[in-house]
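Just so it is clear, none of the values below were taken in a lab; they were calculated from the coordinates. Note that the structure is predicted; figures quoted are calculated from it, not measured. Backbone-built Cβ (ideal geometry, glycine too); neighbour counts: all protein chains shown.
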Amino acid sequence: MHPLEIYQYVTLFLAALVADFVDSIAAGGGIITIPALMAVGLPPHLVLGTNKVQACFGSAMATWRYASGD
């Protein structure tokens, strides 16, 4: 696998921000992150794994924030 260019990292970072915003409102951020990761040329198994890890951390943080009463 070839290394990503700097503009691809920036694009993925911006896509992740938008996806997290969508997730915080109505869920479904994977609809943004999966095509963005596929567009930069990552293999499908890495794309799905990355999306699942992102979703797990997002859910864990939301649960922690809800439980702490913030």
Answer yes or no: is there a residue in region 44-57 that is in contact with a Gly (Cβ under 6 Å, 6 or more places away or on another chain) and part of a helix (DSSP H, G or I).
yes
Which condition does residue 47 not pass, out of (1) touching a residue at least 12 places away in the same chain (Cβ under 8 Å); (2) at positive phi, if it passes all the others?
(2)
